[in-house]
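Nothing in this text is a laboratory measurement; each read-out follows from the coordinates by a stated rule. This one's a predicted model, so the numbers in the text were calculated from it and none came from an experiment. FYI the Cβ positions are ideal-geometry reconstructions off the backbone, even for glycines, and counts take in every protein chain you see.
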Amino acid sequence: MPTNPDYYVTLGVARNATQEEIKQAYYEAAQRLHPDKNKAAGETEIFLEIQQAYETLSNPKRRKKYDATLPPEEEPSLPVKYEIYYSRPNLVRLNEPQILYVLLEIIPQQKSEEIPAPPLNVSLVLDRSTSMKDEKMDIVKNAAIKVMRNLRSQDIFSVVTFSDRAEVLIPASYSFDKSKLEARIRMLQSGGATEIYQGMQAAYDEIQRNASHERVNHIILLTDGHTYGDEQQCLKLAERAARQGIGISAMGIGKEWNDVFLDTLANRTGGSSRYISRAEDIQRFLVEKFDTLARILADDVVLDFKETTGVELAYAFRTQPETGPLPMEGDIHLGPVLQDSTLSVLFEFRIDPSLTKGDMIQVLRGSLKLTIAALPTPIQPVRIEFSREVKEEADTTIPPSALIIRALGKLTLYRMQEKAHMEVDQGQFELAAHHMKQLATSLLSQGERDLARTALIEAENIEKSQAFSEEGSKEIKYGTRALIMPQEKKEELV
Amino acid sequence: MIICPNCTHENLDGTVFCSDCGTQLTSINPIVTQNISEEQITRDLKRTSVFPKDLDAWAAIHLTNSGQILPLSDREEFTLGRISDAQPIMPDIDLTPYQAYACGVSRLHAVLRKEESQVYVMDLGSSNGTYLNGVRLKPNDSQALNHGDILSLGKLKIQILLKNP
């Protein structure tokens, strides 16, 4: 602990924060960290620090005195910068709602190459339920061994297996004696039901023992089945993990798992979920995931914002580096910035006509909180604001940024299948089938013949049996999601 | 509201891609009028014109607007024009289906003739004239044609494709 703690950093506010902002930050922190409420060890200590910070900063006199003792604020030489792109140059005075898209890009800076790759603190959670038996289990074992062999000496690794209960196969440790650990993985036997919460809780405990800001703390869940009744517990755990900077990623094998649940679980923490249709791909995806984790620059970027009355955040989606939908309320965990890849998030706002009476609309106001694993000192939150002028007429002389159009274009197909899913849930089967056919047409026009065919088959399934097939639904969901990202890399190569 | 030109779905103002069918509603480049010179079109047409393979004819007429090809075979001479009621002499090739009337094609407008290996065009005193590559022809005066030449009968453009250019 430094002798003179930076209270502004403790509270997570800027040095020029208003009294109101300081108060707000304190209330928010107190609500989750108060000794009556907090759960994790160490949270009481954090709460006391925050209280001390608040007592000083909430009093203008004390704050002034304290400010004088602070070293001058260093030029914020952030290892990342951000850019905002809007879908239109201005909003229009209308008496009906209108849409504004905003693309937020958080870009690693050149000099970030000097920042070393952070050490990992990763827990692998393996489903060993009966359905994983034989070949699948063997592939998973081999994949786990492979990633363990790739670990560097500074990485901490643990393996948890679960069925209806969890076992810690390899406790969190530096893996010095890899052959001994390998033998333990090889002994793994399948059997039992799938209870994801058991596994997640055990992994969370393992991660927490070594969790620190200097590491990339991450849980990777591999499962092939539905979990029953413990979804809420899992999501609560994910929220707790997110607050402590622990990410969760999920990989679903085959067609039986619950993609909506795993998506939600992962996106609470800024993580991502993936669909593995063929068991042979498990190893490749797992190695890729570890590779991504080892290239992290900013572990988890959190967008903390207050909604403006009359502005509704209708959609949020990460288009890069790992594509996936984001939750739309509270502090949004946007995900990581990689050392060589921009973090791009697309927002859709729905703006109420009542707002367009003014000349300027503040669409979103908040701050970006970053944790750079390799930097010892926490970084002050960066203020961020989306706003647009309101004019009588749409300005058509300035074309929208090609970047945002491209991102939206790719996202459109994914959203069409999402819409069809929603319609099936609401019992509008005809409409859902219609949209799947529209999707098939769009896919065909982009040369995605296989996906288009799957979409047509699903349209038929909806017409006949009023439901998606498990497999087809995942093919299309993750297929259209995959179109969003890797395509761009291909384009660059051409 | 923006109404999708493809599926007529109503989208909120500001939408970029139709939420029903995925059609792009806003273009990246603002719409501007482009001037395309006639010369440019003629040049492009000449470059790309090819006599259709396996077509059994000594020449063919390419209707540049519709892309249709009319073969000229069996005889050595074809009159071009349009058929209308109570007309004593009929043209060999009736251009009525290709908007001949609107384009100002006369009933007997011009004639195409093959003499040995050379093909000629002659205006038959038409009201709106015949143009060879943009140059008006004197009536009743034969002009030799090359492969890819553009003839305008009034405003109707046809391209001459020769089997042995």
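Please give the net charge around A:Asp177, taking every other residue with its beta carbon less than 14 angstrom from that of A:Asp177, where Lys and Arg add +1 and Asp and Glu add -1.
+3
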- Extending each Cα 7 Å along its Cβ direction at A:Glu45 and A:Thr342, get the distance between those two points in nm, one decimal. 4.1
- Message: So if a site counts as exposed when it's one of the trypsin sites (Lys or Arg not before Pro), its DSSP state isn't H, G, I, E or B, and it has at most 12 other Cβ atoms within 10 Å, what's the longest stretch of chain B without one?
- Response: B:76-165
- By how many nm would the segment from B:Gln99 to B:Asp85 grow when fully extended, if each residue of separation counts as 0.36 nm and the alpha-carbon distance is taken off? 3.4 nm
- Task: Please identify every one of the chymotrypsin sites (Phe, Trp or Tyr not before Pro) in segment A:144-188 that sits in a loop by DSSP and has no more than 15 other beta carbons within 10 Å of its own beta carbon.
- Result: A:Phe176
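May I ask for the equivalent-ellipsoid semi-axes of segment A:87-198, computed as the square root of five times each C-alpha gyration tensor eigenvalue and listed largest first in whole Å?
43, 25, 11
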- Message: Counting other beta carbons within 10 Å of each residue's own, what order do A:Ser341, A:Ser158, A:Ser212 fall into, fewest first?
- Response: A:Ser212, A:Ser341, A:Ser158
- Length released on extending from A:Asp304 to A:Asp450, taking residue separation times 0.36 nm less the Cα-Cα span: 48.5 nm
- The simple spin-label model distance between A:Glu463 and A:Tyr228, using points 7 Å out along Cα→Cβ, in nm, is 3.5
- Task: Within chain A, what's the longest run with no GluC sites (Glu not before Pro) in a DSSP loop and at most 11 other beta-carbon atoms within 10 Å? Give the range, please.
- Result: A:75-328
- Message: Check the protein assembly as shown for me: any Cys whose beta-carbon has no other cysteine beta-carbon within less than 4.7 Å?
- Response: A:Cys234, B:Cys103
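Work out, in µm²/s and without decimals, the Stokes-Einstein translational diffusion coefficient of chain A at 37 °C, 0.692 mPa s, Rh from Kirkwood over C-alpha pairs. If you can, show how the numbers build up before the last one.
Numbers: Rh = 24.4 Å.
Reported coefficient: 135 µm²/s.
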- Query: Counting pairs of alpha carbon atoms under 8 Å apart in space and at least six apart in sequence, what relative contact order in percent does chain A give?
  - Reply: 15
- Message: What do you get for the angle between helix B:38-48 and the principal long axis of chain B? Use alpha-carbon atoms, 0 to 90 degrees, nearest ten.
- Response: 80
- Spacing of the two label points (7 Å from each Cα toward its C-beta) at A:Arg149 and A:Arg278, in nm: 2.2
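In segment A:397-494, what is the volume of the convex hull around the alpha carbon atoms, normalised per residue and reported in Å³?
112
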- Query: At a Förster distance of 35 Å, what's the computed FRET efficiency of A:Lys37 paired with A:Arg15, Cβ-Cβ distance as r, to 0.05?
  - Reply: 0.75
- Sequence-distant lysines (8 or more away, or on other chains) whose Cα lies within less than 17 Å of A:Lys437: A:Lys419, A:Lys464, A:Lys474, A:Lys477
- Message: Test of understanding: ordering A:Val302, A:Val382 by Cβ neighbours within 10 Å, fewest first, what list do you get?
- Response: A:Val382, A:Val302
- Task: Search the structure for amide H atoms under 5 Å from the amide H of B:Leu72, placed 1.01 Å from N in the peptide plane, and list their residues when 5 or more places away or on another chain.
- Result: B:Trp58, B:Ala59, B:Ala60, B:Ile61
- Computed [θ] at 222 nm, helices only, for chain A once each DSSP H run of length n ≥ 4 contributes -39500 (n - 2.57): -13000 deg cm²/dmol
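Just list whichever of A:Lys133/A:Lys255; A:Lys180/A:Lys255; A:Lys369/A:Lys410; A:Lys136/A:Lys236; A:Lys39/A:Lys289 have alpha carbons separated by over 22 Å in the model shown.
Listed pairs above 22 Å: A:Lys180/A:Lys255; A:Lys369/A:Lys410; A:Lys136/A:Lys236; A:Lys39/A:Lys289.
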- Message: Could you tell me the relative contact order of chain B? Use alpha-carbon pairs under 8 Å, at least six residues apart, and round to a whole percent.
- Response: 17
